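What follows is a short report on a single structure.
The values are calculated or read from the model by the stated rules, or taken from the named source; none is laboratory data. From a predicted model like this one, the values you see are computed outputs, not experimental measurements. Every residue, glycine as well, gets a Cβ built from its backbone with ideal geometry; the counts of neighbours run over all protein chains shown. The area values use the complete protein model at the heavy-atom level, side chains included, leaving out ligands, DNA and RNA. Shrake-Rupley method; radii C 1.70, N 1.55, O 1.52, S 1.80 Å.
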Amino acid sequence: MSRLLVVDDEANIRLLYAEELAEEGYDVVTAAGSAEAVEKLQEGVFDLAVLDIKLKNESGIDLLQKLVKERHDMPVILCSAFSCYKDDFSAWLADGYVVKSGDLSELKQEIARVLAKKAQRQKAGL
């Protein structure tokens, strides 16, 4: 079972993602912001992180940069209500980018794709 960290400042989004992704068989841990996400990361190992870009105290892009530096083996998917960030060079550090929607099928597909790619890299010894 893959363990996911979902970081979003909206409680309803965290709850929705946690429920929907748990139904897909993932172990989901949520965080309301960057500081809480860092605490959760210190407590355990995660296979993937899903980050909102617009967080209250720090942008998801800033958190993404920290994760790439400190947890380079953990893939990150940015999930934002704004598609314009897709063209931001900093967002290119992410392994995936999904525009938020009430239909989580795109997010679920992207998570499955990124985790499969990670598994292939691990199998190849990369």
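Just to be sure, is residue 22 open to solvent by 40 Å² or more (accessible area, probe 1.4 Å), at pLDDT 95 or above, hydrophobic (A, V, I, L, M, F, W, C) and under 21 Å from residue 108 (Cα atoms)? Yes; evaluated as a whole, the condition is true for this residue. Given the criteria at negative phi and surrounded by fewer than 17 Cβ atoms within 10 Å (Cβ to Cβ), does residue 73 qualify? Here the answer is yes, as residue 73 does meet what is asked.
Within the span defined as the stretch 86-98, one or more residues are of a type in the set (A, V, I, L, M) and at pLDDT 90 or above. With respect to being at pLDDT below 95 and not small (Gly, Ala, Ser), residue 38 fits the description.
Based on what the data block shows, is residue 50 aliphatic (A, V, I, L, M), touching a residue at least 24 places away in the same chain (Cβ under 8 Å), part of a strand (DSSP E or B) and open to solvent by 20 Å² or more (accessible area, probe 1.4 Å)? Judged against the criteria, residue 50 is not a match.
When residue 111 is tested against (1) in a helix (DSSP H, G or I); (2) modelled with pLDDT under 95; (3) surrounded by 19 or more Cβ atoms within 10 Å (Cβ to Cβ), just one condition goes unmet, and that condition is (2). Evaluating residue 57 against the criteria (1) more than 21 Å from residue 100 (Cα to Cα); (2) open to solvent by 70 Å² or more (accessible area, probe 1.4 Å); (3) of a type in the set (S, T, N, Q) leaves one unmet condition, (1).
Scanning the stretch 2-13 turns up one or more residues that are touching a helix residue (DSSP H, G or I) at 6+ places or on another chain (Cβ under 8 Å) and surrounded by fewer than 21 Cβ atoms within 10 Å (Cβ to Cβ).
For residue 4, the stated conditions do not hold, so it cannot be described as assigned to a helix (DSSP H, G or I) and under 13 Å from the mean Cα position of the chain (by Cα).
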